[in-house]
Amino acid sequence: MRALAAVLIALTLAGPAQAQTPQPAPRPGASHAVPLYGEVVRVYDAPDDPFAPGHRGIDVAAPPGSPVRASATGVVSFAGSVAGNRTVTVDHGGGLLTTYSFLGEVRTVRGTPVERGEIVGAVGSGHPGSTLAPHVHLSARQDGFYFDPLGMYVGDDYSDLLSLTK
């Protein structure tokens, strides 16, 4: 819980990403770069079982139009609309997928290879009907099972969080 609170503070202090921002890099112990800097406005809430309600990702608030970047090298496996919500999914190989949902704009197409830090979309309004600030929903799946993506971005060590505030 201490690490989660630190992540919330670190991401809040980092501020929104801008188009001219250098490509993010993973921190020591982390496997993926942060795709969008901003305030975490909703955390991962694991469902009781695969079909139960829950929040299968994190919501990161940033100004509309802020770039959303691929967290690691992969191939775009989906870029389009799901129930009216713009979404991009990147297949990183080995059964690992990351998804960026509720985008204001999709800036890639299915089948496109992407590098870590490459812009794949832009911040939209967020979950339909949400009273939260404009945000993007970031999720990750390994072999079809959702997990909390924060560990991919910050690693397992509290000291990893220091580099999120650059």
Completion exercise
Protection proxy (average C-beta count within 10 Å per residue), highest first, orders 144-154, 79-89 as 144-154, 79-89
Exercise for the section: Can you bin the stretch 41-145 into rounded, prolate or oblate? Criterion: square roots of the alpha carbon gyration tensor eigenvalues sorted a ≥ b ≥ c, rounded for a/c under 1.5, prolate for a/b above b/c, oblate for the rest. Expected result: oblate
Completion exercise
Sequence order, the stretch 93-102: Karplus ³J(HN,Hα) from phi using 6.51 cos²θ - 1.76 cosθ + 1.60, θ = phi - 60°, Hz rounded, Gly and Pro as x, gives x, x, x, 9, 10, 10, 10, 10, 10, 6
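Here, each number is a calculation from the coordinates, and none is a lab measurement. Just so we're clear, the structure is a prediction, and the values are computed from it rather than from any experiment. All Cβ positions, even for glycine, are placed from backbone atoms using ideal geometry, and neighbour counts span all protein chains on display.
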